[in-house]
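The structure appears right after this line, and notes come after that.
The values are calculated or read from the model by the stated rules, or taken from the named source; none is laboratory data. Just so it is clear, the model here is predicted, and its values are computed rather than measured. Cβ sites come from the backbone with ideal geometry, for glycine too, and all protein chains shown count toward neighbours. The area values use the complete protein model at the heavy-atom level, side chains included, leaving out ligands, DNA and RNA. Shrake-Rupley method; radii C 1.70, N 1.55, O 1.52, S 1.80 Å.
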Amino acid sequence: MSQDNTWLLPEGIDELLPAQARALEVLRRDLLDRYAAWGYQLVITPFIEFLESLLTGTGKDLDLQTFTLTDQVSGRQLGVRADITPQAARIDAHRLRHQAPTRLCYIGSVLRTLGDGFSGSRSPLQIGVELYGHAGVESDVEIVCLMMETLRVSGMDDVYLDLGHVGIFRALARAAGLNEVQEAELFEALQRKASTEIDTLVGGLGLDDSLSGMLIALAELNGDAEVLQRARLVLADAPAEVAAAIDYVEAVAAQLSQELPDLPVHFDLAELRAYHYQTGVVFAAFVPGEGQEVARGGRYDKIGEVFGRARPATGFSADLKTLMRLGSHSGKALTGAVLAPSGLDAGLRAKVAELRANGTAVIRELPGQTGDPTEMGCTYRLQEQAGDWDLVPLRPSTEKR
């Protein structure tokens, strides 16, 4: 890289300027306060760990997304976290070990070798919540409701929910006896709704007509609530787990209609986001004009098994930078700073302390400084008048030196 390009950042790595960073921080605080009001406790997980810990159990599907390096102290391989969910699961299973349901929330930067299309960044600021210790519709509905509350607080309108269940494809793949390669190929084709490719792949498996027809039909089982009734007919000969999964999706949708009656729900029974990661119902939130989801989650029971304790689990995550970019969050933010002249005047120092104690930003002027104070975000100047210090509006055109 030439010296002229030393300011460039790697592809997918970004930085926030002061106004953006302030807006992000205000949104972060509001969301964490909201999660606390729902009973979710904040945890802070390490940015880097031993590689085997990050990629153990469910986390092993993150291996291609994880940066690795060698620890100069232990000589062991380290990994930079690409997802916080497995870390939170370890805390629930190994550190807390509660008998009652555990509600955790987190926020932190993650780093990925490749962008996954979710946030468009390789360094998203992941925010999310996890609920451990309850297997049932109620906990999944709570998570969906909190996900929608997150988007509402972020200032997003016209949100709709995509609802599915990975158990449907998983049961059909098991019945078809697909090996790992065949299952992966069909999974990819279903995600792209590539009908011709799906027909070709299924046709080459040598399955009976009934099972082939059900696998091919999955790509078309999406739409409004009518899809569930159609699925019961199309998948009537499927293993019993398929009917149970359809019933579960219907139960989640029914309860959501009571909790969030104005929420548009779209059903997609071939929706397989994080297929290897999830074990049951999956959901994602979309807004107009964005091809990718803005938040996603689902059930991933037994995620803590490898850490010594298997518990039911459900949760969601989002990229806080995406929420800030797409939303219109109107939380309390600084409207401008006050410029205070330099000097040791006791009255001036008392006024500066008073303003700062009340939440106003005050910037002390440095001797000999040049430039427009508005470049520092100042909108007022402290000026001595009749023995007191008063706020005087700054006028950029007259303040330049």
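Could you go through the stretch 162-176 and let me know if any residue there is more than 30 Å from residue 239 (Cβ to Cβ) and part of a helix (DSSP H, G or I).
Scanning the stretch 162-176 turns up no residue that is more than 30 Å from residue 239 (Cβ to Cβ) and part of a helix (DSSP H, G or I).
Take residue 339 and decide whether it is assigned to a strand (DSSP E or B), over 28 Å from residue 108 (Cα atoms) and either open to solvent by less than 80 Å² (accessible area, probe 1.4 Å) or touching a Leu at 6+ places or on another chain (Cβ under 7 Å) (or both). Walk me through it before giving the result.
Numbers: assigned to a strand (DSSP E or B): yes; over 28 Å from residue 108 (Cα atoms): yes; either open to solvent by less than 80 Å² (accessible area, probe 1.4 Å) or touching a Leu at 6+ places or on another chain (Cβ under 7 Å) (or both): yes.
Criteria met by residue 339.
Being surrounded by 19 or more Cβ atoms within 10 Å (Cβ to Cβ) and in contact (Cβ under 8 Å) with a residue 60 or more places away in the chain is the filter here; which residues of the stretch 58-82 pass it?
Passing the criteria: only 58.
Just to be sure before I move on: is residue 303 in contact with a strand residue (DSSP E or B) (Cβ under 8 Å, 6 or more places away or on another chain), over 15 Å from residue 168 (Cβ atoms) and crowded, with 19+ Cβ neighbours inside 10 Å in the structure I sent?
yes
Check off (1) outside any helix (DSSP H, G or I); (2) more than 24 Å from residue 329 (Cβ to Cβ); (3) touching a Phe, Trp or Tyr at 6+ places or on another chain (Cβ under 7 Å) for residue 90 and give me the number that stays unchecked.
(1)
Looking only at the stretch 59-87, which residues are modelled with pLDDT of 90 or more, touching a Leu at 6+ places or on another chain (Cβ under 6 Å) and part of a helix (DSSP H, G or I)?
If the condition is that a residue be modelled with pLDDT of 90 or more, touching a Leu at 6+ places or on another chain (Cβ under 6 Å) and part of a helix (DSSP H, G or I), then no residue fits.
Identify the single condition in (1) part of a helix (DSSP H, G or I); (2) hydrophobic (A, V, I, L, M, F, W, C); (3) more than 26 Å from the chain's Cα centre (by Cα) that residue 249 does not satisfy, given that it satisfies every other one.
Going through the list (1) part of a helix (DSSP H, G or I); (2) hydrophobic (A, V, I, L, M, F, W, C); (3) more than 26 Å from the chain's Cα centre (by Cα), residue 249 breaks only (3).
Condition first: surrounded by fewer than 16 Cβ atoms within 10 Å (Cβ to Cβ), outside any loop (DSSP other than H, G, I, E, B) and in contact (Cβ under 8 Å) with a residue 24 or more places away in the chain. Now tell me which residues in the stretch 186-207 satisfy that.
191, 195 - these are the residues of the stretch 186-207 that are surrounded by fewer than 16 Cβ atoms within 10 Å (Cβ to Cβ), outside any loop (DSSP other than H, G, I, E, B) and in contact (Cβ under 8 Å) with a residue 24 or more places away in the chain.
Given the structure, is residue 243 free of Cβ contacts under 8 Å to residues at least 60 places away in the same chain, open to solvent by less than 20 Å² (accessible area, probe 1.4 Å) and either on the phi > 0 side of the Ramachandran plot or in a helix (DSSP H, G or I) (or both)?
No, not satisfied.
Being modelled with pLDDT of 90 or more, farther than 14 Å from residue 347 by Cα and buried (at least 16 other Cβ atoms within 10 Å of the Cβ) is the filter here; which residues of the stretch 374-393 pass it? Steps first, please.
Filtering the stretch 374-393 for residues modelled with pLDDT of 90 or more gives 378-385, 388-393.
Imposing the further condition that a residue be farther than 14 Å from residue 347 by Cα reduces the set to 378-381, 392-393.
Correct list: 378, 379, 380, 381.
If you check residue 171 against the conditions, is it at pLDDT 95 or above, crowded, with 19+ Cβ neighbours inside 10 Å and small (Gly, Ala, Ser)? Show your work before the answer.
Numbers: at pLDDT 95 or above: no; crowded, with 19+ Cβ neighbours inside 10 Å: yes; small (Gly, Ala, Ser): yes.
Here the answer is no, as residue 171 does not meet what is asked.
Let me spell it out: the conditions are (1) β-branched (Val, Ile, Thr); (2) open to solvent by less than 80 Å² (accessible area, probe 1.4 Å); (3) touching a strand residue (DSSP E or B) at 6+ places or on another chain (Cβ under 8 Å), and residue 44 meets all of them except one. Which number is the exception?
Failed condition: (2).
Which of the residues belonging to the stretch 348-372 are exposed (fewer than 10 other Cβ atoms within 10 Å of the Cβ) and within 16 Å of residue 337 (Cα to Cα)?
Passing the criteria: 357, 358, 359, 366.
Check residue 265 against each of (1) crowded, with 21+ Cβ neighbours inside 10 Å; (2) at pLDDT 85 or above; (3) closer than 28 Å to residue 218 by Cβ and name the one condition it does not meet.
(1)
I'd like to verify a number: residues in the stretch 1-56 that are of a type in the set (Gly, Ala, Ser) and not in a helix (DSSP H, G or I), how many?
To start, the set of residues in the stretch 1-56 that are of a type in the set (Gly, Ala, Ser) comprises 2, 12, 19, 21, 23, 36-37, 39, 53.
In the following step, the residues that additionally are not in a helix (DSSP H, G or I) were identified as 2, 12, 39.
Looking only at that region, the number is 3.
Name the pairs: first residue in the stretch 376-392 and farther than 15 Å from residue 365 by Cα, second residue of a type in the set (Lys, Arg) and open to solvent by 80 Å² or more (accessible area, probe 1.4 Å), Cβ to Cβ under 7 Å, at least 6 apart or on different chains?
Correct list of pairs: empty, since none qualify.
Assess whether residue 123 counts as being of a type in the set (Ser, Thr, Tyr), at pLDDT 95 or above and over 18 Å from residue 298 (Cβ atoms).
Taking the combined requirement at face value, the residue does not satisfy it.
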